[in-house]
Each structure stands twice: as C-alpha cells, then as structure tokens.
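Student: Here you go, one structure.
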Amino acid sequence: MIHLPKNETKLMVAVHGWSGILLGLVLYAVILTGTAAVFAEEIGIWSAGHVSTNSAFERPIGQTVERLGQQTPSKYHEGVDLFEVGDHELGAFFHRHETDPDGTFVSRGIYYQVDRTGRVIDRQAGTGEEVFGPRNDDALSHFLVDTHVRLHIPNPWGLLLTGILGLAMLVAAISGLMIHRHLFKDIFTLRRRANPVLFNRDRHSVAGTWSLPFAFILAFTGSFFSFFGTVGVPIVAMAAFGGDVQALNDTVFGNPGKPDPRPVATSGLDRITSDAIRRTGEIPTFITVENFGRADAKVTTFHPPEEGGVVPISLLYAGADGRFEQVKPLIGAKPSAGGTLAAIMSPLHFGNFAGLLSKAVWFGLGFAMCYVTLTGLRLWVVRRASEARSLGWLDRLVTIVGLGLPFALLCTAAAFFLTASSGQALFWTPAGFLIASAAVILGGFLMRDREKFGLMLEGATGLLLLGLPLLRLFIDGPGWGEAISAGQPIIAAVDCALLLAGGWVIARFASQWTQGQSGQSAVLEAAE
C-alpha cells in the first residue's frame, strides 16, 4: 500500500493526467506501432510470401565474400557487415567510417545483395543510411518499424521525439504508481455492476497496474535507444575524445590489438559460421569483419540469447585462419556490468529473447498499454466534460486516433498487397496510410455522431482483418499447405491471428449495433 498526504496525492494525480494528455495520442501511436513491430520479422515473411527457411549463414559464403572483396576498392575494406536480406539472401556492406563536412559520422561504401547461387542481384554505393532503405518486398514491415522508431520524422528529430515520449510514459507510470493507495487491491478490483465511468476507471486501473513493470521497461529502454545515438554518443565523444566519434567507437566497440596490415585473404568465414553455430546453437543474426583482407582481420558473429537467457551472444574470431578467440562483450574488451546492461536493452525492448513466446507476451502487454493510454485519455475527458464543453474536440480526437490508427495501418497492409507485384509498394504503402488517415480525420470531424462514427470504424477494421488473408491469397501469395510443407508456418499463423481478431471485432460490432437498434445505449468508447 502507498500512502501520500492529500496535497501530494492531488499533485500526483495532476502530473499523471497532464503527462498523459499532452503526449498521450502520440504515445499511443508509438506503442501501437511498436506492438505490431514486435512481429516485424514475421509480418515481413507473411507479407512478402517468403517460404525459405535455410539461412544464408548455413550455406557456404566464404568464396562469395572473397570475390566481392576483390571487386571492391580497398579503401572500403575497413569493415564488412554481413546479414540476411529478403528471402534468406546475403547482404554485404563493404565500408569505411568517415565524418561528413557537417560533422555527421557515417559509414560509406558499397552494398551488395547476393542470391542463393552467389550472383549479385543488387549493387549500391553510398552511406549506410542511403543503401539500407526499404525495399519493395519489405515495405510494409519497414513502414511499421520506422513509424515506431521515429514516426517518419528525419533524424535526429524523430528519435528525440520518441525519446521524449518514452520519458513521458515513465512519468505517467511512476505517478500512476504513486496515486494507487491500495495497489494490490486495485489489481483485482473490477466492479462490473457499477456505473460506466466507474467501471471504465476500474478497467484502466487493473490494466495499468498489471502492465506497470512492462511500462517501466518499455519507457526506459525506448528512451535509451532514442537518446543513445542522438545525445549520448556526441556528448561522450566531445567530453572524452575531443569530438572524435571514430575514436569513441574504436575504444568502446572495437577489438584492441597490434595492427598488422599485411595482405592475407579472409578465407575462414565458412569455418567461422559453422563453429559459431555449433558453440551457440543459434544461427548468427549479423556478422562483422574488421580489416578485411589483412593479417589482423577480426570476425565477430552475433547471436540471439541462449535458451532461458536474455543477453545476446557474440563470438570473436581471427579473420585470417578462422581461429576462435573469445566470447566478446557488447561493450569493451572484457565483460562488465555496464556492457551487460547495454546488451539486454534490445531484447527487453523488442521482446525477442525467447522466440515467439516472449514476442507474444510483449505483444499482449503492448496491447494492454494501448488500452491503458486510451482509457486514461477517455477518463480525463469525461471527468472534465461538465467543466468545459470546449473539450469536445479532444473527445472526438481520441476516437479518431484510437480507432482510426488501427484502421489506417490495416489499409497500409492492403495497399502493400495491391501494389507489391508491380514493384510500386515503396510508394503506395505509406501513401495508403496517408489516404486512409485523411479519410478518417475528415469523417471524424464531419460526422456529428461520434458514437456512430466510432462504430463504423470498428466495423471497417473488422472487415479489413478478415479480408487481408484473402487478399494475400488473391495476389498469388503462398497457400497454407505450400508454406507449412516448406517449413514456414508463420504465414498460416499470421493469417489465423488476423481471422480470429477480425471475428472478435465483427462480433463486438454486431453486439453494439444490436444494442443501438433496440434503443439501448450503443456508446462506443474509444478506450474500450
């Protein structure tokens, strides 16, 4: 139980309310897209129709990378990033680090995309920001991730905004904890026979209390990612390295050792990937090569956490002969508490430390946070409805964003499916979102009956949920039998999830519609 004096309780209530109302709708957008982005990889597989399950790192890649190195200028041999792209094809980025005239630290080089036969199917030159943009086949998943990470606002402003939203969420979580006089009692208090406002407040309290630990984790880790590169790195570089970001990276993330520029072929990659998979039991998610083609080359493989763990694993190898050297911490040359804390930030934020199980838990908690955010806004508006009629616009805006954003995101998926085969998904995926959003905003402010408008949005959302699996099949996406026989059940699983969600939404819509037709209250609170 938490006991605060009356005045301090009123202050905490005010802090809790205003921290949510000022940024609540934008925070809701970030949380909702983040909830979907938890399954960004699975959504990418489902939307693109990828059925291959054989990782690029399970195939021989050494000769391919060696050949790419021979046709790449040596000035870009400072580093090589290897990763999977598309339907388990290989991406290789040969680059060097440099500082642009405006002081921006960038990686500049040549990017190759290689198919399963070792043939180069795409080659681009430029900075990492320029060559790692979205592709036609991953336009949908990239849109979701970019919306969550920076709201499609150019760097660094988008990251700064989501970082501020994370701090606002932290303030709301802490103040929400402080105003609960009976914390453990509130976890189970749900007065179903009370008046609607009291019942909604109970549901807000129950959902908010159960998801408090997740709110702390999400807010803290999200703020860390947003401020790390935009604020933290420049400040530390200026304070300790005279503004030299390259020196900071070499000290914190590099592998210390005596330089040896003698030319030696980096030919042990296949041996390294096999040994790394054997040691960790996990396929690498990413591989980096420092000083490619030199005697002092170092290869680092990055892997998901081991079963039952949270900390990702990285292994360090000698590039010249493929010899294993050590388990490498994320930060520094030796394990440290700070390095471990930094390493667990990503798994805790994205919930990918235990495969689909942890992702499903994170998705459910994210959905609960969306509900808490909207019910909080709704309760704040209802409580002040008698005090200020001018808040009607905010009441309507909560409905527009709360129900309109899921509808617009589903329209985005429909736009992707309709245009992917023609190679125009990069344009029409975000365009579909903007068109749907504009239609929702226009309808929301033109329709006088907010309740009827919300009911229409809910029905349309349910129809889209049911229609997306059919649309995917209509555009010649792989069927369930084909996907499952190829060892890729994710496609069928996403279809089933959409159909179940669509059935639930339509059933809810039908119930609300029946109540309205019988003369009962069919109030569709955006928070419900």
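The values are calculated or read from the model by the stated rules, or taken from the named source; none is laboratory data. No experiment lies behind these values; they were computed from the predicted model shown. Note: ideal-geometry Cβ built from the backbone for every residue, glycine included; neighbour counts use all protein chains shown. Accessible surface is based on the protein model in full, side chains and every heavy atom, while ligands, DNA and RNA are left aside. Shrake-Rupley method; radii C 1.70, N 1.55, O 1.52, S 1.80 Å.
Student: Every residue in region 470-497 that is under 14 Å from Ile45 (Cβ atoms), free of Cβ contacts under 8 Å to residues at least 60 places away in the same chain and part of a helix (DSSP H, G or I), please.
Tutor: Matches in region 470-497: Trp480, Ile484, Ala492, Ala497.
Student: Could you tell me which numbered condition Ser421 fails, if it satisfies all but one of (1) without any contact (Cβ under 8 Å) to a residue 24 or more places away in the chain; (2) closer than 29 Å to Ser52 by Cβ; (3) of a type in the set (Gly, Ala, Ser)?
Tutor: Ser421 satisfies all of (1) without any contact (Cβ under 8 Å) to a residue 24 or more places away in the chain; (2) closer than 29 Å to Ser52 by Cβ; (3) of a type in the set (Gly, Ala, Ser) except (1).
Student: So which pairs qualify, if the first residue must be in region 94-122 and under 23 Å from Gly243 (Cβ atoms) and touching a residue at least 40 places away in the same chain (Cβ under 8 Å), the second must be assigned to a loop (DSSP other than H, G, I, E, B) and open to solvent by 60 Å² or more (accessible area, probe 1.4 Å), the Cβ gap must be under 7 Å, and the two must be at least 6 apart or on different chains?
Tutor: Once the first residue is under 23 Å from Gly243 (Cβ atoms) and touching a residue at least 40 places away in the same chain (Cβ under 8 Å) and sits in region 94-122, its partners that are assigned to a loop (DSSP other than H, G, I, E, B) and open to solvent by 60 Å² or more (accessible area, probe 1.4 Å) give His97/Glu78.
Student: Another question, if that's okay. Just the residues that are open to solvent by 40 Å² or more (accessible area, probe 1.4 Å) and in a loop (DSSP other than H, G, I, E, B), please, taken from region 320-347.
Tutor: Going residue by residue through region 320-347, those that are open to solvent by 40 Å² or more (accessible area, probe 1.4 Å) are 321, 323-327, 330-331, 333-338, 340-341, 346.
Correct list: Asp321, Arg323, Leu330, Ile331, Ala333, Lys334, Pro335, Ser336.
Student: Restricting attention to region 93-101, does a residue exist that is at pLDDT 90 or above and among the hydroxyl-bearing types (Ser, Thr, Tyr)?
Tutor: No.
Student: Between a first residue in region 125-150 that is closer than 20 Å to Thr35 by Cβ and a second residue that is among the aromatic types (Phe, Trp, Tyr) and crowded, with 23+ Cβ neighbours inside 10 Å, which pairs have beta carbons less than 7 Å apart while being 6 or more apart in sequence or on different chains?
Tutor: Hits for this filter: Ala139/Phe416; Leu140/Phe416.
Student: In region 34-48, which residue that is among the aliphatic types (A, V, I, L, M) and assigned to a helix (DSSP H, G or I) is nearest to the chain's Cα centre (by Cα)?
Tutor: Among those that are among the aliphatic types (A, V, I, L, M) and assigned to a helix (DSSP H, G or I), it is Ala37.
Student: For region 190-272, which fully contained helices (runs of 4 or more DSSP H) count at least 2 residues that are modelled with pLDDT of 80 or more?
Tutor: 212-227
Student: State whether the residues of region 253-270 include one that is closer than 27 Å to Phe350 by Cβ and open to solvent by 50 Å² or more (accessible area, probe 1.4 Å).
Tutor: Step one: of region 253-270, the residues closer than 27 Å to Phe350 by Cβ are 253-255.
Filter once more, so that each one left must be open to solvent by 50 Å² or more (accessible area, probe 1.4 Å): 253.
Yes: region 253-270 contains one or more residues that are closer than 27 Å to Phe350 by Cβ and open to solvent by 50 Å² or more (accessible area, probe 1.4 Å).
Student: Can you find, within region 215-245, the residue that is surrounded by the most Cβ atoms within 10 Å (Cβ to Cβ) among those that are farther than 13 Å from Leu348 by Cα and of a type in the set (Val, Ile, Thr)?
Tutor: It comes out as Val245.
Student: Just give me the residues in region 277-319 being acidic (Asp, Glu) and open to solvent by 40 Å² or more (accessible area, probe 1.4 Å), in sequence order.
Tutor: Glu282, Glu290, Glu306, Glu307, listed by residue number.
Student: What number of residues in region 255-309 are within 27 Å of the chain's Cα centre (by Cα) and more than 25 Å from His88 (Cα to Cα)?
Tutor: Result for region 255-309: 2.
Student: Sticking with this one: Out of the residues in region 355-397 that are of a type in the set (Gly, Ala, Ser) and modelled with pLDDT under 75, state the one that is most open to solvent (accessible area, probe 1.4 Å). Outline the logic, then answer.
Tutor: To start, the set of residues in region 355-397 that are of a type in the set (Gly, Ala, Ser) comprises 355, 358, 360, 364, 366, 368, 376, 385-386, 388, 390, 392.
Still in the list and also modelled with pLDDT under 75: 385-386, 388, 390, 392.
Numbers: Ala385: 55, Ser386: 111, Ala388: 33, Ser390: 84, Gly392: 40 Å².
Going through the qualifying residues, I end up with Ser386.
Student: Please determine, by comparing only the residues of region 49-63 that are open to solvent by 40 Å² or more (accessible area, probe 1.4 Å) and at pLDDT below 90, which one is farthest from the chain's Cα centre (by Cα).
Tutor: Asn54
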